[in-house]
């Protein structure tokens, strides 16, 4: 039989157009039966899967194969002392290839036995191919299910951590770590041209095969090759690219998906050097899914921050209108808000609680919008009736914020920020832990700013004096936990922070 080109070698079995041919099958049949088996494509061209003896008449065997293909049935012939047979192999309801067997006849009387032997070989070949392809299909299905599970699992985990108040870098660090583990890549990196911080940001899980400083060059070069109809880059031969090879000789394979930015050039999510070999379509699909989720998160976070900044601007405008009623307290609410935030951070409260602390401090005196200016500006002691009006600002502030479900913790803090641990405060005479923590924090921050600011009845107090006043009133006027946090700070640094902030404009 003439030499034939091997099809597609993939030990331990060999494949042809999606057909798995077990390695060693040809040799085993030849050794056990003396039948030389060969395989042909559905166009009649030969496909070898192992060492075979040359046929005495290769044209006769191919003619028999073509006849079997045309009639879609087994065909056999005997000539020149040889018995030949061709058997169409049907897999998944279609003819996938043709197997052919050839046997040397010792004499004419042995033909009947030879035909039965070839028929048995045909059954064995069909059974072997059917079993091999069933295994291959099962493995492919398992691999597909595993890949689908990994994709769903990754997207599920991302869904659990996608919160718009979470920093982008923190989220992308999680994405890169999860994707690296799933793809078994040497490294996964995210490059943002415009992140939460000023300028570009780079987040890496694993170890890049090049300097992190070269990541922008790698991303820019790979993005240059993207077209409108090509949303992803898969390059398993990076060393054939002079630019990539010049950046690093260790960069072998990469899959990259762009991350669109609101303004400016896009960033990218990329994985490099998969340990198991080349990046394939499932890896590209998974990377694209992770990038799509990340891009949506980044855009939602941008919109969230814009809405948050707009809300804060509106709140500051409202608070400024209150502070403007008293020139001596101009900027007071902003300073109290900053102090509240610093105390909350010192207490290791959550990011949401820190933000609530800041907003509570900003809004703590919003009820004074209903207090007459002559009372707010009065330099001497308030008359009993005036004092009663002043005390109402807690209730007024709480009513202003009522009905806003998201601000309920802030409303409670505004209502009770003049309560005292010993129960001598107002409006409800709450004691100790009955007072919301945010209200206790505001109470201290409010008093701290009053003592460190110039007032009509006295100048600002030295910090040492302020510290002693707070220490002397812990447990009566001030909460011990909040006081410990404030006194544990660098108070000089806090005062410098107030001085470095832009001066508030209070219209009188």
Shape category assigned to the range 210-276 from the gyration tensor of Cα positions, a/c cut at 1.5: prolate
Neighbour-count order for 358, 174, fewest beta carbons within 10 angstrom listed first: 174, 358
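What is the range 324-500 by shape, rounded, prolate or oblate, if you read a ≥ b ≥ c off the alpha carbon gyration tensor as root eigenvalues and call it rounded for a/c under 1.5, prolate for a/b larger than b/c, and oblate otherwise?
Here the range 324-500 falls in the rounded category.
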Cα-based convex hull volume of the range 429-502 per residue, rounded to whole Å³: 111 Å³
Ranked list, fewest to most other Cβ atoms within 10 Å of each Cβ, for 377, 180: 377, 180
The range 216-325, relative contact order in percent, only Cα pairs under 8 angstrom and at least six apart counted: 20 percent
Footprinting exposure proxy for 283, 422 (fewest neighbouring C-beta atoms within 10 Å first): 422, 283
log10 of Debye I(q)/I(0), alpha-carbon scatterers only, for the range 177-323 at 0.09, 0.16 Å⁻¹: -0.33, -0.83
Centre separation in Å (Cα based) which lies between the range 276-351 and the range 395-465: 25 Å
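Bear in mind that the values in this text are calculations on the coordinates, not laboratory data. In this text the structure is predicted, and so the values were computed from the model without any measurement. Backbone-built Cβ (ideal geometry, glycine too); neighbour counts: all protein chains shown.
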